[in-house]
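The values are calculated or read from the model by the stated rules, or taken from the named source; none is laboratory data. This one's a predicted model, so the numbers in the text were calculated from it and none came from an experiment. Please note: Cβ atoms are built from the backbone with ideal geometry, for glycine as well, and neighbour counts cover all protein chains shown. Accessible surface is based on the protein model in full, side chains and every heavy atom, while ligands, DNA and RNA are left aside. Shrake-Rupley method; radii C 1.70, N 1.55, O 1.52, S 1.80 Å.
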Amino acid sequence: MSILIVKGGIYVYFGSVRFFKHLILAAAAAMIIVPTILCVHYGLAYYSLRQELASERPGSVPGSAGDPKAPGGLLSNPVAHCGFNLVYAAGGENGNPRASDLLSYQSKYPNLYVDNDFQYTIPDEKTVYLTFDDGPSSLTPHVLDVLKEYDVKATFFIVYKDSETAKDLYRRMVDEGHTIAVHSTSHIYKEIYRSVDTYLADFAQTAQLLESATGVRPELFRFPGGSINAYNRSVYMPIIAEMSRRGYTYYDWNVGSGDTAHNKTARTICENVINGCAAHHESIVLMHDLASHDSTLAALPEIIHTLKESGYTFAALDKDVQPAAFGYPD
Ligand SMILES: [Zn+2]
């Protein structure tokens, strides 16, 4: 304070060696004190946000009570292995998740579960799984006739139709040894893939129809547009996780018949399938049984005849067949 009291001394002080010593000391002190204050401040803010996040979404914070890798996490749940962090703390009675810990869609559709009891088996013979999407339609009875004539079992990924004719076809498929599986109710990508909720609602309607019509609960499904497409990139992971948690298995395909191409003919479909199957021990072939697909129907006998002659076996999909699934994009 003496610098302010002694008249003129202030001018002597500024610029003196003592002044610069004090300046350096003050700067050094500021360099220590300011970061320390900031560290404490942001440390407290981080801790508080972390606590908030852990209570909002247990499992989303590594090392928190809900972390599947932390004690108390549900490592036995398959979803925990998918890395989606959708499995929550075993905080409820008997180690079950509390209702408040579940994402809302996990508690919906209590009947929409199937046993996760499969074991993948690789057949000895080269095997072809013909799959028909988007039916039933007026073409379907004819497809079934051809399959019956050649004693071939196939898989139908159904788009919802609840007419008596359609229900008869579902029953005929089951009676004749084919697999019925869920494709979609609306088949409108923009609606189905808005969220996990909208996907489940669409799936549930067709699954329930098929079960009530045939008495058989479908266990397999195929995503409209395939498991990863331009409409579901932001939501396919949680959908796949949720469907896996419920025990369902989805099948993409590894052989395209090209039967939706605008210039397709029975010949091109036939060649696509036969050439495609040559590349795989197990071929999952994508075809459609829509009313407009006469060329698919026309191609079927030659496809079956040629492949059988070449030693292939035909079978319907079941959960023991290892799925063809599109790889996740980078
Ligand atoms: Zn489709």
>> Please pick out the residue among TYR120, TYR129, TYR193 that is within 28 Å of THR306 (Cβ to Cβ) and buried (at least 23 other Cβ atoms within 10 Å of the Cβ).
In response: TYR129
> Looking at segment 251-264, is at least one residue within 16 Å of the ligand (Cβ to nearest atom), touching a residue at least 60 places away in the same chain (Cβ under 8 Å), under 28 Å from SER295 (Cα atoms) and open to solvent by 30 Å² or more (accessible area, probe 1.4 Å)?
Replying inline: yes
>> I'd like to check something: does segment 213-230 contain any residue that is modelled with pLDDT of 95 or more, part of a helix (DSSP H, G or I) and under 25 Å from ALA316 (Cα atoms)?
In response: yes
>> Which residue is nearest to the ligand (Cβ to nearest atom), if the candidates are limited to segment 177-188 and must be closer than 13 Å to THR155 by Cα and crowded, with 16+ Cβ neighbours inside 10 Å?
In response: HIS183
>> Criterion first (within 25 Å of the chain's Cα centre (by Cα), within 16 Å of the ligand (Cβ to nearest atom) and part of a helix (DSSP H, G or I)) does ASP202 satisfy it?
In response: yes
> Does at least one position in segment 209-216 carry a residue that is within 16 Å of the ligand (Cβ to nearest atom) and within 22 Å of THR140 (Cα to Cα)?
Replying inline: yes
> Taking into account only those residues within segment 221-240 that are farther than 15 Å from THR131 by Cα and within 15 Å of the ligand (Cβ to nearest atom), which is surrounded by the fewest Cβ atoms within 10 Å (Cβ to Cβ)?
Replying inline: ALA230
> For segment 132-151, which residues satisfy the criterion of being away from the ligand (no atom under 16 Å from the Cβ) and either basic (Lys, Arg) or over 26 Å from GLU309 (Cβ atoms) (or both)?
Replying inline: SER138, PRO141, LYS148
> Within segment 265-291, how many residues are within 16 Å of the ligand (Cβ to nearest atom) and of a type in the set (Gly, Ala, Ser)?
Replying inline: 1
> Hey, among ILE192, ILE158, which residue is modelled with pLDDT of 95 or more and within 14 Å of the chain's Cα centre (by Cα)?
Replying inline: ILE192
>> Restricting to segment 152-173, name every residue that is open to solvent by 50 Å² or more (accessible area, probe 1.4 Å), part of a loop (DSSP other than H, G, I, E, B) and away from the ligand (no atom under 16 Å from the Cβ).
In response: LYS153, ASP162, SER163
